[in-house]
Each structure stands twice: as C-alpha cells, then as structure tokens.
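Notes to accompany the following structure.
The values are calculated or read from the model by the stated rules, or taken from the named source; none is laboratory data. Quick caveat: nothing in here was measured; it's all calculated off a predicted structure. Virtual Cβ from ideal backbone geometry, glycine too; neighbours counted across all protein chains shown. Just so you know, the surface numbers come from the protein's heavy atoms only, side chains and all, with ligands and any DNA or RNA stripped out. Shrake-Rupley method; radii C 1.70, N 1.55, O 1.52, S 1.80 Å.
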Amino acid sequence: MSTKASDIADEFHCNNSFSDRVIDSKMPTVHRQHEISRKESEDESRLPALEAAYTDILRHLGEDTDREGLLRTPLRAAKAIQFLTKGYHETVDDILNNAIFDEDHDEMVIVKDIDMFSLCEHHMVPFFGKVHIGYIPNKKVVGLSKLARIVEIFSRRLQVQERLTKQIAIGISEALQPKGVAVVIEAAHMCMVMRGVQKMNSRTVTSTMLGVYLEDPKTREEFLYLSQRA
Ligand SMILES: Nc1nc2c(ncn2[C@@H]2O[C@H](COP(=O)(O)OP(=O)(O)OP(=O)(O)O)[C@@H](O)[C@H]2O)c(=O)[nH]1
Ligand SMILES: [Zn+2]
C-alpha cells in the first residue's frame, strides 16, 4: 500500500485498493490535509489571535462583547476550536506506543460503535456518529483502544466523512500491515440538520474496504453483518 493516511487528499479516487460506496470518483478535489499540521506547543501562542478573531465574530454578529455572559467567550471558543481540531498535531505513530503485539490470530477483529465527533470542513459545524472497524491480523494485533485513538486523530480535524473513513482505514493498514481493514462510518451532519436543507433524520454512511475485505465478498459480508447487528 503506497498511499499514506496522511496523504489522502487531493482526490477522492477509487482504485484497486478502495471500495467506497458513497464516494463518487468524480468528486471534486479536496485540500491536501497533510499539509496542515500543527504542533501542540504552537496552540498556546495562537490563542490570543484566535481569541481576537472570535471577539470580531461576536461583534459582527451584533453582540455586545462587554456584556457579562460574553466576557470570556472568545477565549473559551478559541480553546474549544483548538480542542476540536487537535488531531492536526497527532499521528498514528505517536499514539501506538508499543501496543502492537505479535499474536498468531488470523480471525476477524471488530470494534464497533466507536463514538466519533468531527467538524465538517464546509461549514465548520459538527458531524458525529459511530465508527465500526474490522481488521484481519497478519501476525500482529493492536491494542483495542488504539483503534478508537486512531479515530480521534483523524476526526478531530476539519473533515469530510469520506476522507475521514479512508484515513482511518489506511492509518490502521500502515500501522499493522493486516490482511485487510474495513471501516464504516454512520454519521449525522448538523449542516444538514440545523441549517441548509434541514433534514433532521438523514444519516450518511461511508465505507472503505482494503485487502481481503475488498477481494472477498464473504469476508466483507461477515464484517457488515457483525458490525450492523444491534
Ligand atoms: N460529500 C460530503 N459533503 C459534505 C460533507 N459535509 C458537508 N457536506 C456538503 O457540502 C456541501 C457544500 O455545498 P455548498 O453548496 O457549497 O454549500 P451550501 O450552500 O451551504 O449548501 P447547503 O448545505 O445545501 O445549504 C453541502 O452539500 C453539504 O451537505 C461530507 O462529509 N461529505
Ligand atoms: Zn457542512
């Protein structure tokens, strides 16, 4: 696999390695996310500028930024947006530590219903839902919590759901070199609920299948059956 999770980017292309049911291969170019990186140490120094920007936003909304309830709001909002995009200064290598273990297990491992919160890059409002991850080990297994941490790394950024799905799958694939990885995300987009088209109940489902999940329909079906079961 030559594509790096951090490099997924400029194009949503379906090649032999991917099966993304919701991804249209003619979707427009998206930003090269790997070029946006941020060091944790930089966050503090950027806080005053962000705070000032939020003060401006409040003023442009016609608010009185001197009223009591809003006095610390720009700073709070600045810290909140930094938290919600903290994935920019995290990598899969950083969080794995030594939690990859040699294990002669070659059956499917599924961690499902991992809560995910992200921000849509078009409106900067939340989309959130559940991530289901399956992989088939190739002599190595990963600490289960690390799968949820990989979800955190890529979801705590400005995202589109399709890219998020793919980055999680490729991140796991690169770290573990498994026989296959499957990722399904089901999410509600607040930009479709609270504004815009205002469809309260719509859900978006995206999937990325790599390796045996792509090649073998039975393996894929087993994952989908087990991950969708209540
Ligand atoms: N494919 C994809 N689209 C998304 C995602 N999050 C938000 N969008 C869409 O991004 C699109 C942006 O469309 P625009 O027409 O530029 O923006 P807009 O005028 O605010 O669009 P409306 O939401 O239809 O009001 C909308 O259709 C959103 O639903 C995502 O994760 N994946
Ligand atoms: Zn949106």
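Taken over segment 128-165, the criterion of being aromatic (Phe, Trp, Tyr) and away from ligand 2 (no atom under 14 Å from the Cβ) is satisfied by Tyr135, Phe154.
Condition test on Ile114, is it assigned by the TED database to the domain that holds Cys191 and touching a residue at least 60 places away in the same chain (Cβ under 8 Å)? Spelling it out, it is not the case that Ile114 is assigned by the TED database to the domain that holds Cys191 and touching a residue at least 60 places away in the same chain (Cβ under 8 Å).
For the structure I just gave you, tell me whether Ser207 is within 23 Å of Ser155 (Cβ to Cβ) and in contact with a Ser or Thr (Cβ under 9 Å, 6 or more places away or on another chain). Yes. Among the residues of segment 81-106, those that are loosely packed, with under 13 Cβ neighbours inside 10 Å and part of a helix (DSSP H, G or I) comprise Phe83, Asp93, Asp94.
Checking the stated criteria, Ser207 turns out not to satisfy the condition of being modelled with pLDDT of 95 or more, of a type in the set (Ser, Thr, Tyr) and closer than 24 Å to Arg38 by Cβ. Report yes if Thr219 is within 16 Å of ligand 2 (Cβ to nearest atom) and either of a type in the set (Asp, Glu) or at pLDDT 95 or above (or both), otherwise no. Answer is no for this residue. Only one entry of Val197, Val125, Val181 meets the criterion of being away from ligand 2 (no atom under 16 Å from the Cβ) and either free of Cβ contacts under 8 Å to residues at least 60 places away in the same chain or open to solvent by less than 60 Å² (accessible area, probe 1.4 Å) (or both), and that entry is Val181. Among the residues making up segment 128-167, those that are buried (at least 21 other Cβ atoms within 10 Å of the Cβ) and among the hydroxyl-bearing types (Ser, Thr, Tyr) are Tyr135, Ser155, Thr165.
Within segment 93-147, the residues that satisfy the criterion of being among the aromatic types (Phe, Trp, Tyr) and within 30 Å of Gln198 (Cα to Cα) are Phe117, Phe127, Phe128. Scanning segment 132-161 for residues that are within 17 Å of Leu214 (Cα to Cα) and touching a Phe, Trp or Tyr at 6+ places or on another chain (Cβ under 6 Å) turns up just one, Gly134. Of the helices (runs of 4 or more DSSP H) that lie entirely inside segment 111-195, those containing 2 or more residues that are of a type in the set (Gly, Ala, Ser) and more than 14 Å from ligand 1 (Cβ to nearest atom) span 144-155, 161-176.
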